[in-house]
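Undergrad: One structure, pasted below without further comment.
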Amino acid sequence: MPALSSTMKEGRVVSWLKSEGDEVEAGEAIMVVESDKADMDVEAFEDGFIAKILVGEGETAPVGEIVALMVAEQSEIAGAVASLGGEGSSAAVAKKEETVVADASAAVSVAAPSCEFSQVDMPALSSTMKEGKVVSWLKAEGDAISAGEAIMVVESDKADMDVEAFEDGFLAAIITPEGESSAVGSPVALIAAQEADIPALKAYAATLNGSAAPVAAAPAATSSAPAAVPKAAVAAPKTAAAAAAANTGDRIIASPLAKKNAEALGIDLRTVTGTGPDGRITAADVENAASGAAPKKAASATSAPKKASWTPAPGVIAATPMARAAAKKAKIDLATIQGTGEFGRVTLDDIKIATGEKKPERKNAAKGAAGAAPVELPAGLVPFTGMQRAVSKNMEATLATPVFRVSREIEMDAFNDLYQKVKPKGVTVSALLAKAVALAIEKHPIINSSYSPQGTVFNPDINIAMAVAIDGGLITPTLKYANERNIIELGENWKELVQKAKDGKLTPDEYNSGTFTISNLGMFGVSQFDAILPAGMGGILAIGGTTEQIVPCDKAVLGMKKVSKMTVTLTCDHRQIYGADAALFLKDFNEIMGNPAQLLL
């Protein structure tokens, strides 16, 4: 039973969309769950078969309880059901889980301090996310935080996103430091309600990350006092807009709550001075601007909680945790390393330079005779982002598909004339191409199909996915029902999807629902290319740039005329689509592009 909201404790199965024995695919909705907020579809994370439903329709289960069993192969269903034995019911499974939870709760109650605090867990920022990496902490240990204020940036398998606090308080302890990963649902930080409780929570945090507990200044709770249970504080994700970046140019860096308050109060964020990290505008800055008060300056070193990493005691070497671990492994005395971090702190890069693992940054060489500065080229391994790993896996998944390709030149003069007429209305070339392809697919539905071992799967809707390159990856926003909507609506929808893709705000339905794909590199001057067929689709159309050509013409004075043409290449799954199907599709596509008036209908 998934947690569909931060306050959800249990969920009721409204209906099962699949039955026992049915085959399911990753991303396919299998049941509808009623939470404390709304009814929501729950998707499968893996391909397989539903072996046993443990929580029936209308029944309720706590969050985290097993509601069904899935197996990879149909032949494994009987074995999975038999392995349950006399405990195949949801009640038996729940009883087992309650025992485990009770034991875990007992362990937590022994270690948890008797003070009010909340636990920040690694949130699930997408349906496929299993773990997240902390890119950066926007708050330091000891800092005061407010509900709705962004406290860290997390990298998921889709994008980097801000994570906000649900409670007011103080960031008592960071469990997962920057650059490290944690499983979804595991604790990454603790928030204290009172600043005086920070030492006790730091000691408790050490027991959560597996390290030895430091000496706590706070006295231990008596045996008669019940231990406090941490509040559920799974933070809500908000799309990151380059957190911790300064407000430069036209780009305004502000917390989501600050943006919301500014919109409600009618305040232009460009007139607000940010006091957050690197000039980030906070909700307090917006409130000060609304009241006309001067922005509060960040707390001085004397008033802020002392941190060993910034103001080390005499004889203590200031170094990051990763630098200390690397120095210990390399058997290097930190006292011999000149730190290059903030306030002279020894960083991991300093250790790598000392061991020869990394070359020190060289100073810019003198300018050459032409006065051009030397070009600094990237070097070494750069780990994939979550999105890049997903793209890589999707490309590998297509290698087993037998494909063929068909190319054709498309006359573009009439299409270009139409575009110039509708361009002032906000219609883009992408929207027009999607409409033209969708009308051609109506005449050849086989191009919109997908392969199944049992036969051809025809898709009833024509959803055109269009590849968009964004910073750090590739994504395919989808224009749904492209054959049924007018070009004005498609144009507006496409602009909205592209902006959401750049901001990392696309929902899974907006990039996973395509039935046919277009990849357009014409705007980069590419004349012709072949596109890789996405897994689960029947075809993808690669569109090159428009070029002018001289062709024979009986009506021209010199017997020649100039025309605009572009080359398109259709890649198809040869298991259900044949060469003649592709050729006829391109023939009708060319006719539509040559007589584009039908795109306005």
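The values are calculated or read from the model by the stated rules, or taken from the named source; none is laboratory data. For clarity, every value in this text was computed on a predicted model and none was experimentally measured. Every residue, glycine among them, receives a Cβ derived from its backbone with ideal geometry; neighbour counts consider all protein chains shown. In case anyone asks, the SASA skips ligands and DNA or RNA and just uses the protein heavy atoms, side chains included. Shrake-Rupley method; radii C 1.70, N 1.55, O 1.52, S 1.80 Å.
Undergrad: Wholly within the stretch 180-234, which strands (runs of 3 or more DSSP E) include no fewer than the required count, namely at least 2 residues that are modelled with pLDDT of 50 or more, open to solvent by less than 70 Å² (accessible area, probe 1.4 Å) and at negative phi? Give the derivation first.
TA: Working: elements: 181-183, 187-192, 231-234.
Passing ranges, in order: 181-183, 187-192.
Undergrad: Within the stretch 345-378, take every residue that is open to solvent by 90 Å² or more (accessible area, probe 1.4 Å) and within 30 Å of residue 335 (Cβ to Cβ) and give me the one that is modelled with the highest pLDDT. Steps first, answer last, please.
TA: Within the stretch 345-378, the subset open to solvent by 90 Å² or more (accessible area, probe 1.4 Å) is 357, 359, 361-364, 366-367, 369-370, 375-378.
Those left that are additionally within 30 Å of residue 335 (Cβ to Cβ): 357, 359, 361-363.
Values: 357: 85, 359: 78, 361: 72, 362: 65, 363: 61.
Filtering first and then ranking leaves 357.
Undergrad: Could you list, in sequence order, all residues of the stretch 119-133 that are at pLDDT 75 or above and open to solvent by 10 Å² or more (accessible area, probe 1.4 Å)?
TA: Within the stretch 119-133, the first condition is being at pLDDT 75 or above, and the residues that meet it are 119-124, 130-133.
Result: 119, 121, 124, 130, 131, 133.
Undergrad: Counting only residues that are open to solvent by 20 Å² or more (accessible area, probe 1.4 Å) and part of a loop (DSSP other than H, G, I, E, B), which one in the stretch 468-482 is farthest from residue 429 (Cα to Cα)?
TA: Ranking the qualifying residues of the stretch 468-482, first place goes to 472.
Undergrad: Which count do you get for residues in the stretch 1-13 that are at pLDDT 80 or above and open to solvent by 50 Å² or more (accessible area, probe 1.4 Å)?
TA: Of the residues in the stretch 1-13, 2 are at pLDDT 80 or above and open to solvent by 50 Å² or more (accessible area, probe 1.4 Å).
Undergrad: What's the total number of residues in the stretch 41-62 that are more than 12 Å from residue 31 (Cα to Cα), open to solvent by 40 Å² or more (accessible area, probe 1.4 Å) and either at pLDDT below 80 or not in a loop (DSSP other than H, G, I, E, B) (or both)? Lay out the reasoning, then the answer.
TA: Within the stretch 41-62, the subset more than 12 Å from residue 31 (Cα to Cα) is 45-49, 51-52, 54, 59-62.
From the residues that got through so far, the ones that are open to solvent by 40 Å² or more (accessible area, probe 1.4 Å) too are 45-47, 52, 59-60, 62.
Adding the requirement that they be either at pLDDT below 80 or not in a loop (DSSP other than H, G, I, E, B) (or both) leaves 45-46, 52, 60, 62.
The qualifying residues number 5.
Undergrad: Mind checking which residues of the stretch 444-467 are part of a strand (DSSP E or B) and not aliphatic (A, V, I, L, M)? Quick ask: steps written out before the conclusion?
TA: The initial filter retains those residues of the stretch 444-467 that are part of a strand (DSSP E or B), namely 450-452, 455-457, 464-466.
Answer for the stretch 444-467, where residues must be part of a strand (DSSP E or B) and not aliphatic (A, V, I, L, M): 450, 451, 452, 455, 456.
Undergrad: Right, residue 460: at pLDDT 90 or above, open to solvent by 20 Å² or more (accessible area, probe 1.4 Å) and out of contact with any helix residue (DSSP H, G or I) (no Cβ under 6 Å at 6 or more places or on another chain) or not?
TA: Numbers: at pLDDT 90 or above: yes; open to solvent by 20 Å² or more (accessible area, probe 1.4 Å): yes; out of contact with any helix residue (DSSP H, G or I) (no Cβ under 6 Å at 6 or more places or on another chain): yes.
When the stated conditions are applied, residue 460 passes them.
Undergrad: Go through the stretch 14-40 residue by residue and tally those that are open to solvent by less than 20 Å² (accessible area, probe 1.4 Å) and modelled with pLDDT of 90 or more.
TA: Residues flagged as open to solvent by less than 20 Å² (accessible area, probe 1.4 Å) and modelled with pLDDT of 90 or more within the stretch 14-40 amount to 0.
Undergrad: Moving to a separate point now. May I ask you to list the residues in the stretch 379-427 that are open to solvent by 100 Å² or more (accessible area, probe 1.4 Å) and polar (S, T, N, Q)?
TA: Listed by number, the list holds a single entry, 420.
Undergrad: Can you tell me which residue within the stretch 301-333, out of those that are at pLDDT below 65 and open to solvent by less than 60 Å² (accessible area, probe 1.4 Å), is farthest from the chain's Cα centre (by Cα)?
TA: So the residue we want is 313.
Undergrad: Could you grab the pairs with beta carbons closer than 9 Å, sequence gap of 6+ or different chains, first residue in the stretch 574-598 and without any contact (Cβ under 8 Å) to a residue 40 or more places away in the chain, second one surrounded by fewer than 15 Cβ atoms within 10 Å (Cβ to Cβ) and of a type outside the set (S, T, N, Q)?
TA: 578/404
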